[in-house]
1. Considering only residues that are in contact with a Ser or Thr (Cβ under 9 Å, 6 or more places away or on another chain), surrounded by fewer than 19 Cβ atoms within 10 Å (Cβ to Cβ) and in a loop (DSSP other than H, G, I, E, B), which ones fall in segment 270-287?
2. Contact list please: Cβ distance under 6 Å, first residue in segment 202-228 and at pLDDT 95 or above and part of a strand (DSSP E or B), second residue among the aromatic types (F, W, Y) and open to solvent by less than 30 Å² (accessible area, probe 1.4 Å), pairs at least six apart or on different chains.
3. Checking P378 against (1) more than 16 Å from L418 (Cβ to Cβ); (2) surrounded by fewer than 17 Cβ atoms within 10 Å (Cβ to Cβ), only one condition comes out false. Which one?
4. Does S317 meet the test of being surrounded by fewer than 24 Cβ atoms within 10 Å (Cβ to Cβ) and in contact with a strand residue (DSSP E or B) (Cβ under 8 Å, 6 or more places away or on another chain)?
5. Within the bounds of segment 370-378, is there any residue that is more than 29 Å from F132 (Cα to Cα), among the charged types (D, E, K, R) and free of Cβ contacts under 8 Å to residues at least 12 places away in the same chain?
6. Restricting to segment 536-547, give me the number of residues that are under 17 Å from T484 (Cα atoms) and either over 49 Å from the mean Cα position of the chain (by Cα) or modelled with pLDDT under 90 (or both).
7. I'd like to verify a number: residues in segment 527-542 that are within 23 Å of S452 (Cβ to Cβ) and either open to solvent by 30 Å² or more (accessible area, probe 1.4 Å) or part of a loop (DSSP other than H, G, I, E, B) (or both), how many?
8. Can you find, within segment 381-403, the residue that is most open to solvent (accessible area, probe 1.4 Å) among those that are over 18 Å from V455 (Cα atoms) and acidic (D, E)?
Amino acid sequence: MELLLDAGWEMVVRAFRRRETRVATALLVLGLLHASPGEAQTSTPAKPSAAQAPAPSAPAAAPPPAVPPATPAPQAVPASTQEAAPAPAQQATPAPAQQATPAPAQQAAPADAAAPSPPAEKSAAATSEAPFAEVFERLAGRLVGVVVNISTTQAPAKTAQEAGPSSPGSQLDDLFRDFFGDKGAPGQQASRIASLGSGFIIDPSGLIVTNAHVIANAEQITVTLSDDTVLQAQVIGRDSVTDLALLKVEAKTPLPSATWGDSSKTKVGDWVLAIGNPFGLGGTVTAGIISATARDIHSGPYDDYLQTDASINRGNSGGPMFNLQGEVIGINTAIYSPTGGSIGIGFAVPTALAQPIIDQLRTSGKVERGWIGARIQPVTDDIAESIGLDKARGALIASIDPASPATQAGLKPGDVILSYDGKPVDRSRQLPRFVADSAPNKPVKLTLWRDSKEVEVTLTVVPYDPSRPQPQPPAPEQPKPPPTTDALGLKLAKVSPELRKQFSLPEGIRGLVIVEVPQNSPASGQGLRAGDLVIAAGATPVSSSEELQQQVAAAKKAGRKNMLLRVEREGNFRFITLPIEES
């Protein structure tokens, strides 16, 4: 009986083992059908799971050599084998299904997915870094060809009397002079001067932009292209006010040319490239960022420079400043340096200012600017508060030239120009540029701040005539001081023949004469002095202390902290404010 039972159990175990082998084989085949060729190779080591049966067979014996390449698979399969082998027949049936089934899914799939993951991450990182790492190399290779070296032979330096008024580039000329040997030996006759600078091509026909000071007093201008071709250049036109010049060379083939960009879109922190000829080293490329915009360096009436920390040195003048799109957004013009070398403070004329000038030079060889005949000053916070303006903005009219467009349009001192031809005037120094850019005989609309409200007027711009004589004040007459009164911390007196003679005041002038200004007072801080005339409080003319006191009382009643006064000195007019509390 026991023999029969043992024989029966042995048959049952063999039957289940044969069934286990067939199930594992079927699962393996299904796994191979759904796997890619690479996955199939990785999954092959999972076959040992079918070798749980002790019966030796060719398929079961073949897998062991393939186990080493797939490290995870051999670890999982022996675990199944150890759990299934000692189990009775009733537990052996589910064991292969639970252990053999995960083998292809859990071992083959992760092995395939994990392998390409690190290269994918490295590739993404390399892609994100590549554009910025290579952008300067690509830009330099593409743009160096549009930049030229400019050398000139100049006449001997003139004396101060011969040279006349200095140009905006004269300070740079002084900077270059020491380096290029303009001094000469004592007692020797002044020799001809060689200077170096940069420029860039704006048209394939050979038009080149540079600085006016680079070619100042030049008798001969030589342009060297990036391929070392040497050409002689002719001056098409120059504008000393903005320090720009346009040259022309005759080349045998069309030249590569630069593209203008919009400097008004430039922001602080933008990357830029400067290419030029510093110290005669042609094709030098430097990079930096825009450090500031709208810089006023007091070189001219239209200062609106871009400031950069890109290295700019002697010889870079006239060279282009590029944005990362390869567009010219500035013309490198000046540096600030106590030593003459770059300390990271360079200035470029923005293309928003330069391009219209170059277009005029290209068309007519000269620049024609508009003129309205109004003399202006900045609006300070105190002035804005005293006239009820919401904030310091616009340009305050200090005086108006007679027979000017401003006079004909009814503008008057004390008006604040808030907008010009539809463009807001945020800073007073924007207005001269807006007016200069206006076409002559063009009607323009102005928005003014007058009597605490906005007023619109229209005037017609006329061409600017540099030879127009400046308005001269009437002949002065010396006065004697009459009785005085105190107001706003000042000692004032009515205009009298004696005071007119003493302080050389013009004939027929009206107002109050400042007889004394206390030291360390708000009035002295504003630069007032004896002999100045107070001719208006706000927009209201005053000629007596009573009239002034009335205006001060009205301003105090309106809650003003400061009183706006219009003051004249030697024919020049300006507005100042004094605290009402001092009155």
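The values are calculated or read from the model by the stated rules, or taken from the named source; none is laboratory data. Worth saying up front: this structure is predicted, and the values here are computed from it rather than measured. Heads up, the Cβs are rebuilt from the backbone with ideal geometry, glycines too, and the neighbour counts pull from every protein chain shown. The protein model used for the area step is the full one, side chains on, heavy atoms only, and it has no ligands, DNA or RNA in it. Shrake-Rupley method; radii C 1.70, N 1.55, O 1.52, S 1.80 Å.
1. Listed by number, the list holds a single entry, G283.
2. V209/F200
3. (1)
4. It is false that S317 is surrounded by fewer than 24 Cβ atoms within 10 Å (Cβ to Cβ) and in contact with a strand residue (DSSP E or B) (Cβ under 8 Å, 6 or more places away or on another chain).
5. No, segment 370-378 has no match at all.
6. 5
7. So the answer is 5.
8. Within segment 381-403, the match that is most open to solvent (accessible area, probe 1.4 Å) is D381.
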